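**Student:** Below is one structure. I have some questions about it.
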Amino acid sequence: QSDEKIIYATPWSILTIDKEDDTRELLSTVEGLTSIGIDKIEHDRFNDQLIIAYDNSLIDIVSGADVIPIFGIEENNNFQNKKINDIYIESSDYCYFSTEFGIVQFDLQLYEFGFTTTTNFRVNAVAQFENYLLAATIDGLYWFDLNSNQIPNDFGNWELFEDFNGLPVVYNAVDVKIINDQ
């Protein structure tokens, strides 16, 4: 939800309900969306825009009355399964797409892709905690220090949270969330 609206998604359209006057708006391919098969949505509260990920990996950014299609992941032939599993908005500058092949950074100001980290296995979710980027994967929880001199697109620079703090030796991390700075 945004400050003004509650936002719902179906595979075919977006429905918004105004919190103040209860008016409703429908947004579908008829009103300008690029595709059908809506799979994930996330409201970018920093830039007041909606990010839509389709099941074919196409992305739409809805900013005001504009719909900006983003084809980069969908058109990338380097990966067979390009499904977007989650959208994490870090700031007014960047969001991260968790995919079946890794992590993709996206610039929310310039509408262009930053780095891509290829993991060769499913990434379920991404979050940022202080200067660490965290990735919940089917192989466990990984972290990368954004203040290091290393580059995040090389997955060899990421470290696995291994057998400490009560985590099992082998586990599937299905999600990661930062709550109350923890």
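**Student:** Hey, could you check segment 137-162 for residues that are within 15 Å of Phe101 (Cβ to Cβ) and of a type in the set (A, V, I, L, M, F, W, C) and say which is surrounded by the fewest Cβ atoms within 10 Å (Cβ to Cβ)?
**Tutor:** Applying the filter and picking the extreme gives Ile138.
**Student:** Oh, and also: Restricting the search to segment 23-79, which residues are surrounded by fewer than 17 Cβ atoms within 10 Å (Cβ to Cβ), more than 18 Å from Ser2 (Cβ to Cβ) and of a type in the set (A, V, I, L, M, F, W, C)?
**Tutor:** Result: Val30, Ile36, Phe71, Phe79.
**Student:** To continue, here is another question. Those residues that are in contact with an Asp or Glu (Cβ under 9 Å, 6 or more places away or on another chain) and either over 18 Å from Glu75 (Cβ atoms) or part of a strand (DSSP E or B) (or both), I need them from segment 50-64; list them, please. Step through it out loud before you land on a result.
**Tutor:** Just the residues of segment 50-64 that are in contact with an Asp or Glu (Cβ under 9 Å, 6 or more places away or on another chain), to begin with: 50-59, 61, 63-64.
The answer is Leu50, Ile51, Ile52, Ala53, Tyr54, Ile59, Ile61, Ser63, Gly64.
**Student:** Moving on to the next point. Mind telling me which of the residues Phe129, Phe115 ends up being open to solvent by less than 50 Å² (accessible area, probe 1.4 Å) and at pLDDT 90 or above? Break it down into steps so the answer makes sense when it comes.
**Tutor:** Values: Phe129 fails: open to solvent by less than 50 Å² (accessible area, probe 1.4 Å).
The unique qualifying residue is Phe115.
**Student:** If Asp21 satisfies every condition in (1) without any contact (Cβ under 8 Å) to a residue 12 or more places away in the chain; (2) among the charged types (D, E, K, R); (3) assigned to a strand (DSSP E or B) but one, which is the exception?
**Tutor:** Looking at each condition in turn, Asp21 falls short on (3).
**Student:** What tally of residues in segment 122-163 results from selecting those that are touching a Ser or Thr at 6+ places or on another chain (Cβ under 6 Å) and of a type in the set (A, V, I, L, M, F, W, C)?
**Tutor:** Within segment 122-163, residues that are touching a Ser or Thr at 6+ places or on another chain (Cβ under 6 Å) and of a type in the set (A, V, I, L, M, F, W, C) number 4.
The values are calculated or read from the model by the stated rules, or taken from the named source; none is laboratory data. Fair warning: this is a prediction, and the values are worked out from it, not measured in the lab. Cβ sites come from the backbone with ideal geometry, for glycine too, and all protein chains shown count toward neighbours. Note: areas computed on protein heavy atoms with side chains; ligands, DNA, RNA excluded. Shrake-Rupley method; radii C 1.70, N 1.55, O 1.52, S 1.80 Å.
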